[in-house]
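Following: one structure in structure tokens, then a few remarks.
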Amino acid sequence: MKAIIPAAGLGTRFLPMTKNSPKEMLPVVDKPAIQYVVEEAVNSGINDIVIVTGRGKEVIENHFDVAYELEKILEKRNKYEMLKEVRRIAELADIYYIRQKEPLGLGHAIYVARKHIHDEAFAVLLGDDIIISEKPCIAQLIEVHKKVNASIIGVKRVSKEDVSKYGIIKYSKIDENLYRIEELVEKPSPDEAPSDMAVMGRYVLMPKLFEYLGRAKPGKNEEIQLTDALNEMLQEEEIYAYEFDGKRYDLGNKLDWIKINVEMALKREEFTTLKDFLRELIKS
């Protein structure tokens, strides 16, 4: 299975940081956010990845490329552990890049990668969403996809106050954690939301989706909405939702970015004093 990672957004929620630096390159301790996403795909058995970029996103390509000068310096200074990690990044997967020439939305970003996907199911992982889980989230969705042979969307429950931030599904329950989607509603008000089950930036989609994206008309903000195309697709074939195991962080959200930096740092032995620092900080 191939994967598409849309990474062409403007990152307006993180201005001024994202004025000249892609939000997908925001550091989480010492790795950029998008590297966690690529590693999730790789750890799910995917080694053919398309990253959809836009103007000013060349730094993403550079990050996953070979850095000859840096490697030579690290080797000369006997920094072999650092050298090993730098080389590993460039060898993670076969990564291809396609430009979204205009910021026309998530649906359009996925559509521009269609020629690379051909006639097969494919994964979509949003480039600024990190999901921490024992089993990679997209691997969980692929496993369910193989059983139902249909599109699968990763979902999680959210509070009533937060439904307006997400795509929300109307559903009927099939099995534990598995639901048949009846409708998707993009960022509804709390009173209009059909449920509290929100779409969380992970998908395994059937290739027929490209037909609906190709004829989709611009919706909110003059963008091609993935939600609109999925609702059209629902008229002809079933789409399922899977409540995955894991914790999702939205790197377009400043508080989520701070939270994941703290959580990931606490997992590292080199930051053993961080807990003490946080306790003292809270006391003060």
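Structural remarks
- The single residue among D245, D228 that is under 22 Å from the mean Cα position of the chain (by Cα), touching a residue at least 60 places away in the same chain (Cβ under 8 Å) and assigned to a loop (DSSP other than H, G, I, E, B) turns out to be D245.
- Residue match in the stretch 132-154 (condition: small (G, A, S), over 16 Å from M206 (Cα atoms), free of Cβ contacts under 8 Å to residues at least 40 places away in the same chain and out of contact with any Lys or Arg (no Cβ under 6 Å at 6 or more places or on another chain)): no
- Tally, over the stretch 1-17, of residues that are in a helix (DSSP H, G or I) and either farther than 19 Å from I260 by Cα or touching a helix residue (DSSP H, G or I) at 6+ places or on another chain (Cβ under 7 Å) (or both): 2
- Qualifying residue in the stretch 86-96 (condition: in contact with an Asp or Glu (Cβ under 6 Å, 6 or more places away or on another chain), closer than 16 Å to A3 by Cα and among the acidic types (D, E)): yes
- Count of residues meeting criterion [more than 12 Å from Y240 (Cβ to Cβ), at pLDDT 95 or above and more than 18 Å from the chain's Cα centre (by Cα)] in the stretch 147-170: 1
- Answer from A3, A8, A33, A113 - the residue that is of a type in the set (A, V, I, L, M) and within 26 Å of K267 (Cα to Cα): A33
- Odd one out for M25, checked against (1) of a type in the set (A, V, I, L, M, F, W, C); (2) touching a residue at least 40 places away in the same chain (Cβ under 8 Å); (3) touching a His at 6+ places or on another chain (Cβ under 9 Å): (2)
- Selection count, the stretch 143-173, where residues are surrounded by 14 or more Cβ atoms within 10 Å (Cβ to Cβ) and part of a strand (DSSP E or B): 11
- Qualifying positions in the stretch 116-141 - at pLDDT 95 or above, in a strand (DSSP E or B) and either of a type in the set (D, E, K, R) or more than 13 Å from the chain's Cα centre (by Cα) (or both): F122
- Selected residue (only one of N20, N43 is closer than 18 Å to R88 by Cα and over 10 Å from the mean Cα position of the chain (by Cα)): N43
- All positions within the stretch 248-264 that are without any contact (Cβ under 8 Å) to a residue 40 or more places away in the chain and either of a type outside the set (A, V, I, L, M) or part of a loop (DSSP other than H, G, I, E, B) (or both): D256, K259
The values are calculated or read from the model by the stated rules, or taken from the named source; none is laboratory data. Remember, it's a predicted structure, so these values are computed and weren't measured experimentally. Note: ideal-geometry Cβ built from the backbone for every residue, glycine included; neighbour counts use all protein chains shown.
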